[in-house]
Structure formats: structure tokens, C-alpha cells
Amino acid sequence: MPAVITGVGRNGLGDIVIDFTGSPDRAYSVTKSPDLVAPFVPLDPALTATTNSLGVGQATIPAAEASEAKEFYRIED
């Protein structure tokens, strides 16, 4: 089941927090693109987020990684 992003925000540390739903107990990769034209690529270091038994997950992208004026993120299996 593809992941569906249900919310995006920043925490007190400046990290980007992405809430999503997907298949239960599954690991998803977080990828990014600077402009939606360039291919989506894994973060460095690679970031994965795992859903719980209900299929609910959360990915936290560190503030240092999310430092560009604009970036686009995708949760993919």
C-alpha cells in the first residue's frame, strides 16, 4: 500500500515532521527533490520510517537536512 501523507510540520528543534499512513508494520524510505523536476533521491544519511500495527507512521527530517529555501519530500515503499 502506498504511503499517504496526512500532515507536515516543524517541531521545536526545527526538524520537519511528516505524519503518514501506509501498510501496517512496514518500513518506508524518505526521499527528496529540490524542485520536483530533479529526481527524488535518498537523504544522506538515508532515512526510513516504520508504520505501527495500525499503519500509522511518522518521519522526522533533521533541521540540518531541511535547510534549503525549498525542498520536496516523498515517503515511498
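The values are calculated or read from the model by the stated rules, or taken from the named source; none is laboratory data. Every value quoted in this text rests on a predicted model; they were computed, and no experiment measured them. Every residue, glycine as well, gets a Cβ built from its backbone with ideal geometry; the counts of neighbours run over all protein chains shown. Side chains included, ligands, DNA and RNA excluded: accessible areas come from the protein's heavy atoms. Shrake-Rupley method; radii C 1.70, N 1.55, O 1.52, S 1.80 Å.
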Selection count, region 1-28, where residues are closer than 15 Å to residue 72 by Cα and surrounded by fewer than 10 Cβ atoms within 10 Å (Cβ to Cβ): 2
Considering residues of region 63-76 that are more than 11 Å from the chain's Cα centre (by Cα) and exposed (fewer than 14 other Cβ atoms within 10 Å of the Cβ) only, the residue nearest to residue 11 (Cα to Cα): 63
Residues within region 44-57 that are assigned to a strand (DSSP E or B) and open to solvent by 60 Å² or more (accessible area, probe 1.4 Å), tallied: 6
Single unsatisfied condition, residue 37 versus (1) within 10 Å of the chain's Cα centre (by Cα); (2) open to solvent by 60 Å² or more (accessible area, probe 1.4 Å): (1)
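Which one of 31, 60 is touching a residue at least 40 places away in the same chain (Cβ under 8 Å), surrounded by 11 or more Cβ atoms within 10 Å (Cβ to Cβ), β-branched (Val, Ile, Thr) and in contact with a Pro (Cβ under 6 Å, 6 or more places away or on another chain)? Can you show your working first?
Numbers: 60 fails: in contact with a Pro (Cβ under 6 Å, 6 or more places away or on another chain).
Answer to the selection: 31.
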Filtered residues of region 11-28 (kept if free of Cβ contacts under 8 Å to residues at least 40 places away in the same chain and among the charged types (D, E, K, R)): 19, 25
Residue pairs meeting the criteria (Cβ under 6 Å; at least 6 apart or on separate chains; first at negative phi, in region 34-47; second of a type in the set (A, V, I, L, M) and open to solvent by less than 70 Å² (accessible area, probe 1.4 Å)): 43/30; 47/30
